[in-house]
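Novice: Pasting a structure below so you can have a look.
Derivation of every value follows stated rules applied to the coordinates shown; laboratory data play no part. The model shown is predicted, which means the values in this text are computed figures rather than measured ones. Note: ideal-geometry Cβ built from the backbone for every residue, glycine included; neighbour counts use all protein chains shown.
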Amino acid sequence: MTDTTDIAARSRTALVISTNYGTEHAEIEQPVRALRDAGVAVTVAAVEDGPIRTLVGDADPGPDVSPDTTLAAVDARDHDVVIVPGGTLNADTLRLNEDAQRLVREFADAGKPVAAVCHGPWLLVETALSAGRTLTSYPSLRTDITNSGGDWVDREVVVDDAHGFALITSRNPDDLPAFSAAIIDAIGASAGG
């Protein structure tokens with residue numbers, strides 16, 4: 001007998017967005033692996049063609065990640081969830097990128113989950129998607145989130161599904177198992193499974 005939940009997960013697609021330098025390695029690698037292990041098709045999009053040069057702990061060079069496409073070439077309609085990894089340099093640059101802003105807004109407007117970890121919620125602040133929401137992040141973003149009208153809490157994962165779309169946030173690499181599981185659950189739910 002075939003498990004219909006597994007079929008729904010296999011038909012799901014995820015988009016991970018990143019700059020080409022400064023993404024926290026674990027925050028791109030672990031969710032991608034967890035989603036693919038769950039049968040989700042994952043597309044990694046970067047600002048430019050060329051490798052994503054990751055960092056470990058915002059300081060040490062990590063392995064390069066090969067993106068599948070660019071942010072400008074991505075259509076939100078082709079994916080079920082968007083994921084914003086952290087890394088201070090990545091997140092600070094990504095929040096000012098017009099294509100990244102466009103994409104997270106399009107996902108939210110379409111009622112699709114938006115997920116961000118660590119410093120990734122800076123993009124949510126920049127696009128006003130944090131206003132009126134309960135979320136978490138790396139602790140240094142607490143003031144930014146509060147000033148944007150969000151309610152910051154210190155939990156490993158927060159899923160706020162008010163305002164028509166699920167907003168999934170986590171604090172740091174230690175929270176990635178819970179973060180990835182929440183994303184998988186959210187797209188399973190959006191698939192009706």
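Novice: The conditions are (1) touching a residue at least 40 places away in the same chain (Cβ under 8 Å); (2) part of a loop (DSSP other than H, G, I, E, B); (3) charged (D, E, K, R), and Asp58 fails exactly one of them. Which is it?
Specialist: Against the list (1) touching a residue at least 40 places away in the same chain (Cβ under 8 Å); (2) part of a loop (DSSP other than H, G, I, E, B); (3) charged (D, E, K, R), Asp58 comes up short only on (1).
Novice: Another question, if that's okay. Just checking, which of Ala110, Ala131 is over 27 Å from Gly39 (Cα atoms), surrounded by fewer than 24 Cβ atoms within 10 Å (Cβ to Cβ) and either free of Cβ contacts under 8 Å to residues at least 60 places away in the same chain or small (Gly, Ala, Ser) (or both)?
Specialist: Ala131
Novice: Which one of Thr146, Thr136, Thr127 is among the polar types (S, T, N, Q) and over 19 Å from Asn90 (Cα atoms)?
Specialist: Exactly one residue qualifies, and that residue is Thr146.
Novice: In the range 67-91, how many residues are loosely packed, with under 15 Cβ neighbours inside 10 Å and either polar (S, T, N, Q) or in contact with a strand residue (DSSP E or B) (Cβ under 8 Å, 6 or more places away or on another chain) (or both)?
Specialist: 4
Novice: Answer yes or no as to whether Leu103 is of a type in the set (A, V, I, L, M, F, W, C), in contact (Cβ under 8 Å) with a residue 40 or more places away in the chain and not in a strand (DSSP E or B).
Specialist: Judged against the criteria, Leu103 is a match.
Novice: Please go through the range 61-100 and pick out each residue that is part of a helix (DSSP H, G or I) and either charged (D, E, K, R) or without any contact (Cβ under 8 Å) to a residue 24 or more places away in the chain (or both). Show your work before the answer.
Specialist: Kept after step one, since they are part of a helix (DSSP H, G or I), are these residues of the range 61-100: 71-73, 76-78, 88-94, 98-100.
Listed by number, the residues that qualify are Arg77, Asp78, Asp92, Glu98, Asp99.
Novice: Here is a follow-up. For the subset of the range 151-179 comprising residues that are under 21 Å from Arg105 (Cα atoms) and polar (S, T, N, Q), which member is surrounded by the most Cβ atoms within 10 Å (Cβ to Cβ)?
Specialist: Selected residue: Thr169.
Novice: Shifting gears a bit: Could you list all residues from the range 73-95 that are in contact with a helix residue (DSSP H, G or I) (Cβ under 7 Å, 6 or more places away or on another chain) and either over 18 Å from Ser170 (Cα atoms) or basic (Lys, Arg) (or both)? So that I can check it myself, show each step before the final result.
Specialist: The first filter runs over the range 73-95 and keeps only residues in contact with a helix residue (DSSP H, G or I) (Cβ under 7 Å, 6 or more places away or on another chain), leaving 74, 76, 80-87, 91-92, 94-95.
Matches in the range 73-95: Val74, Ala76, Asp80, Arg95.
Novice: Within the range 28-38, track down each residue that is surrounded by 15 or more Cβ atoms within 10 Å (Cβ to Cβ) and of a type outside the set (S, T, N, Q).
Specialist: The initial filter retains those residues of the range 28-38 that are surrounded by 15 or more Cβ atoms within 10 Å (Cβ to Cβ), namely 28-32, 34-35, 38.
Answer for the range 28-38, where residues must be surrounded by 15 or more Cβ atoms within 10 Å (Cβ to Cβ) and of a type outside the set (S, T, N, Q): Ile28, Glu29, Pro31, Val32, Ala34, Leu35, Ala38.
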